[in-house]
1. What do you get when you divide the Cα radius of gyration of the protein assembly as shown by 2.2 N^0.38 Å, with N the number of residues?
2. Between the label point of residue A:256 and that of the same position in each other copy, find the distances and list them shortest first in nm, with every label point placed 7 Å from Cα along the Cα-to-C-beta direction.
3. Give the average over all directions of the projected area of the C-alpha convex hull of segment B:215-275, one decimal, in nm².
4. Can you tell me the order of A:375-384, B:32-41, B:241-250 when each peptide is scored by its average per-residue count of other Cβ atoms within 10 angstrom, highest first?
5. Hey, what angle do you get for helix B:208-218 against the long axis of chain B, alpha-carbon based, 0 to 90 degrees rounded to 10?
6. Would you calculate a helix-derived [θ] at 222 nm for chain A, using -39,500 (n - 2.57) for each DSSP H run of n ≥ 4 and dividing by the full residue count, to the nearest 500?
7. Average projected area of the Cα convex hull of chain A, in nm²?
8. Can you give the mean number of other chain Cβ atoms that lie within 10 Å of the Cβ atoms in peptide A:270-277?
């Protein structure tokens, strides 16, 4: 499959400028990005007149629990601890293969409609999550979710298997969090990390209570504990990063670890406001994720970018504490690098063709004073008119090309009833 | 024009339940809401199979400055005071009739696409704003924007004229804010309010500096000052309401005044977090507005509902500080009452047909655990598939029926260049 997009505005994310021109794709890769070019002698399977719409790299959801869409609006009135133990864990215990498969597809549909081309998914049952991803054509990075209830026995096998099963699928070592994982298990994960020279990810310092609990148990904060266990010797990072002190940040900076922020979930669960600008100012690489639909409740990277940015204004008592282009970078290129997708970060010849098109006729994108600012401050999933992953168009003008959305919705509601 | 919507889910906002059934409209009014009903002998101009989609009252944007779309992404890095004086006022001084007309139309398009059926618009030049509204078919409530630079001489005439010009147009007394309006002018507005027994609205206690300035000038907070001047003797309310103390709230409660919140703008300009739940718990009627696109930067009531709700969790350190149905009520029925649109608040026989349709096949609206919660926590403008005002469908499946969006966007960018 080869596609020529012409008459486009292009934000490559290599720089902050928007150029006019074309993008060509050849199979899964980008074969040309630049000004309008002579196509004589070249044939494409499809030529798309973008009519001045904007092409940019797909958004990268760098922390989520996709199949948790079942928990959307299920228990909105509980704090993190009660929410996990009373509303979520008992239902998750009932999730079978078909649940994971179907709820994952529903989540992928929400990602595609909102311009998200890959997700860093901490959940279980990679067999059926990856089956759903491969069928959809969605780029899926699995994050290990080991905790005291299970997962450690399978971690290394899964790591090997899901890093070679399909070009769309990859797997990173990970565990749920300090407060759900014993020291022995964390040590075993550290050994696996050392053996494979692989980065490790986990929820970290999401609530104040979590940090206090960790200090009570180990005499140090989660980042210091993880570092002392050698979990960060080959990189990785943490999700949420709300309650970091200066020394925690130094560890992230010195180790080149990725801080992944989840502003919506942290607000909704009243967990706190992450000091995003302090991370940015220290030069720590930052990414953005939606967290699961049970605690957000949408898989909407536009709302996430907005909040990631404007919450810093309140935290710092300063307008424009973070320039919008930095936020856009976290949500696209740095997010890709965090997930190990080194060839999905920007639009450039030879990179993967993970491209979205933004409808510039959306009133909220006009007039044009500053396109990156419009995207961060005024965007919403409704402005996305095309989502391509690995050179395949999976969503276009309201329609999914690989997902039967009516069927997925019908199945989701039937399967939901089984676990309530 | 008469329309029959059938096979619908309906959230009337008379109660919090979602029913299955039909809505019929006859000219500008709703003629039936209820279960499927025999249509024999009745003919409609159009019958729409809703295919299980949701009908609900249109969202009411209870505080905005519509034509300020020109300032979207224009100066995102300034605090309120600098933003007003350096970025906004100099440009506003250059706004002519065509600017107001065209920028208003662009704003109306954004409202319609996002399910907003009326706005409470504090801006100037009602001649050309109302011309744009009438041509569009948009329900437009003008709020006087008197300040020391002008407006007081025209206020009473405009009040009379724009309350009788067209069924879609109405006008409320209002002034910009204490810090931009002299005591003499406020006293004159109070006299006009008493003469017409009319409510009065203004920006109020948006920033800490504003409240401190008012105390320095008058020895009291803005709500106490306005009350002492008789401005609240016939009701009304305030926009933003971020820095209210207990006595300020008592005034609002005792006078039945409307507190209109603008969470996005307050975050973006680092103005603060309004104590929304305290207003709610005291029984003060609350509404929600986007503020202008210069400081938000979107005219997006879904994002506004989300933030109005979840920011209270952080402010109160409590998950679900405000039940989502309360937020939905503020954004629909109470918003309508705040603006004086007593017949646009709910879906009921005899009320105005200001109805929106939500695409329940949007992945973010599924599965269905709780529809009001899905709307508040997971909604975005992209889920709106139809917007009807006064019985006329103005937006449907991506298309505007009364706005030439290509032309409006072209004109907006041309006119923007003139004022930069």
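1. 0.93
2. Spelled out, the distances from residue A:256's label point are 6.7 nm.
3. Averaging across all directions leaves 4.3 nm² for the Cα convex hull.
4. Packing order, densest peptide first, comes out as A:375-384, B:241-250, B:32-41.
5. 50
6. Taking each H run of at least 4 residues, the total per residue is -10000 deg cm²/dmol.
7. 19.2
8. 2
Bear in mind that the values in this text are calculations on the coordinates, not laboratory data. This is a predicted model, so every value here is computed, not measured. As a convention, Cβ positions derive from the backbone with ideal geometry for all residues, glycine included, and neighbour counts pool all protein chains shown.
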